[in-house]
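First the structure, in the form of structure tokens, and then the observations on it.
The values are calculated or read from the model by the stated rules, or taken from the named source; none is laboratory data. Quantities reported herein were computed from a predicted structural model and do not represent experimental measurements. Cβ atoms come from the backbone with ideal geometry, glycine included; neighbour counts cover every protein chain shown.
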Amino acid sequence: MRILVLGGTQFLGRAIAAHAVGLGHAVTCAARGLSGVAPPGVRFIAVDRDRPEGLAGLAGTKFDAAVDVARHPGQVRRALAALDGRVGHWTFVSTTSVYADTATPGQRAGTARLLAPSEDGTYGAAKVTCERALDGGALICRAGLIAGPGDPTGRFPYWVARLARGGEVLAPADPEDPVQLIDARDLAGWIVRAARDGLSGTFDAVAPPCTRRAFLDRCAASFGASYTATWVDPAFLDRHGAARESGPFSLPLPLPDTIGDASRDVSPTLAAGLTLRPLEETVRDTLHWLEAGGGPMTGLTADEEAALLRAWHAGRGRGPA
Ligand SMILES: NC(=O)c1ccc[n+]([C@@H]2O[C@H](COP(=O)([O-])OP(=O)(O)OC[C@H]3O[C@@H](n4cnc5c(N)ncnc54)[C@H](OP(=O)(O)O)[C@@H]3O)[C@@H](O)[C@H]2O)c1
């Protein structure tokens, strides 16, 4: 296949391009080249999707399939117009942040309520608008937390690096709460297969959930680390100014008011061909990537975590810390 990746200079887009090249497809990546470099073996075309004529470099070329990872509706519409009639199959990578109800567990893509579309509002609302620009023949993959080597967000890498250190680990909320993620390479593999097969429709693109306890246990077991988890109340973290999900001084796992986002029913996606590697493989590969100098880290420093643990233990038995 001749495959166009609109993106391809970082994480998921790059994994899609690399996977397709590995299968012998003719891959073009189109981006500005600011986020990183496209993988070896692709044809790179410089485009700027924020400029009206910014996709001129793609003029006249035909593709069997295109994959778009954009977040801005204007960029999606501009690409659809510029490539009109020259792409066989479209995949749009969206997000589970499009859903309005983030609390109810076990929702499915086909029936869950969406946020009101917006041109330049929140990330999820803008993705709803992006999705609506595509026609019914497209594949829409609503990804959850994407993990694995190359992750620029630092969220999953925080837990990998933290569990590798072992010892007493500060963990947010209830150990039975869900965690749900997908290895970028599994998502890439499914997207390329789905493009080959002409799959259309809207799917949540994430692995089935596991509990937080199982998630931490499996991370630690991936490299034989020994640890104990101290589960702390989210209200304690709020009182101490710990941010939610990402950024400095955060614990990057969803909290109870967003567990609907981490417990989606993905049986339709599995039936449509998504296959998954064991979490342990994702954990080990991410650790190797980090050890080789891989990406940024978010979350608590060791000193910040130790201070929060001290405050938590000091406060127990005599009311909130
Ligand atoms: N990470 C997660 O946990 C997560 C969770 C749910 C959903 N998602 C979705 O999954 C996808 C992840 O995609 P990704 O990892 O490839 O990263 P990304 O951060 O979405 O990458 C954006 C890509 O678009 C290119 N780009 C940005 N502005 C551009 C412009 N003006 N003109 C041309 N190209 C432009 C960037 O390259 P240049 O900067 O080089 O131009 C880059 O390759 C996204 O759709 C995201 O919304 C991610």
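Here LEU6 fits the description: within 14 Å of the ligand (Cβ to nearest atom), within 22 Å of LEU187 (Cα to Cα) and touching an Asp or Glu at 6+ places or on another chain (Cβ under 8 Å).
Out of the residues in segment 49-92 that are near the ligand (Cβ under 9 Å from one of its atoms) and surrounded by fewer than 16 Cβ atoms within 10 Å (Cβ to Cβ), which is nearest to ASP197 (Cα to Cα)? This residue is ARG71. If you check PRO268, PRO248 for being touching a residue at least 24 places away in the same chain (Cβ under 8 Å) and exposed (fewer than 14 other Cβ atoms within 10 Å of the Cβ), only one passes: PRO248.
Do we have any residue at all in segment 240-247 that's outside any loop (DSSP other than H, G, I, E, B) and modelled with pLDDT under 95?
Taking segment 240-247 first, the residues outside any loop (DSSP other than H, G, I, E, B) are 243-244.
Imposing the further condition that a residue be modelled with pLDDT under 95 reduces the set to 243-244.
There is at least one residue in segment 240-247 that is outside any loop (DSSP other than H, G, I, E, B) and modelled with pLDDT under 95.
Could you tell me how many of the residues in segment 146-178 are acidic (Asp, Glu) and buried (at least 20 other Cβ atoms within 10 Å of the Cβ)? Going through segment 146-178 one residue at a time, the tally reaches 2.
Considering only segment 2-16, state which residues are more than 11 Å from VAL69 (Cβ to Cβ) and surrounded by 19 or more Cβ atoms within 10 Å (Cβ to Cβ).
If we filter segment 2-16 for residues that are more than 11 Å from VAL69 (Cβ to Cβ), which is where we start, we get 2-4.
Of everything in segment 2-16, those that are more than 11 Å from VAL69 (Cβ to Cβ) and surrounded by 19 or more Cβ atoms within 10 Å (Cβ to Cβ) turn out to be ILE3, LEU4.
The residues on offer are ALA220, ALA225, ALA161, and the sole one that is in a loop (DSSP other than H, G, I, E, B) and closer than 23 Å to GLU291 by Cβ is ALA225.
Looking at GLY136, is it away from the ligand (no atom under 15 Å from the Cβ), over 17 Å from ILE182 (Cα atoms) and in contact with a Ser or Thr (Cβ under 9 Å, 6 or more places away or on another chain)?
On the way: away from the ligand (no atom under 15 Å from the Cβ): yes; over 17 Å from ILE182 (Cα atoms): yes; in contact with a Ser or Thr (Cβ under 9 Å, 6 or more places away or on another chain): yes.
Taking the combined requirement at face value, the residue satisfies it.
Applying the set (1) surrounded by fewer than 20 Cβ atoms within 10 Å (Cβ to Cβ); (2) farther than 29 Å from PRO39 by Cα; (3) in contact with a Gly (Cβ under 7 Å, 6 or more places away or on another chain) to GLN107 leaves exactly one unmet item: (1). Each residue in segment 124-135 was checked for being in contact (Cβ under 8 Å) with a residue 40 or more places away in the chain, in contact with a strand residue (DSSP E or B) (Cβ under 7 Å, 6 or more places away or on another chain) and in a helix (DSSP H, G or I), and 3 pass. On inspection, ALA100 does not qualify as under 30 Å from TRP289 (Cβ atoms), more than 14 Å from the ligand (Cβ to nearest atom), surrounded by fewer than 22 Cβ atoms within 10 Å (Cβ to Cβ) and of a type in the set (Gly, Ala, Ser). Can you name every residue in segment 33-48 that is farther than 25 Å from ASP197 by Cα, over 21 Å from the mean Cα position of the chain (by Cα) and either within 8 Å of the ligand (Cβ to nearest atom) or among the β-branched types (Val, Ile, Thr) (or both)? Within segment 33-48, ILE45, VAL47, ASP48 meet the criteria.
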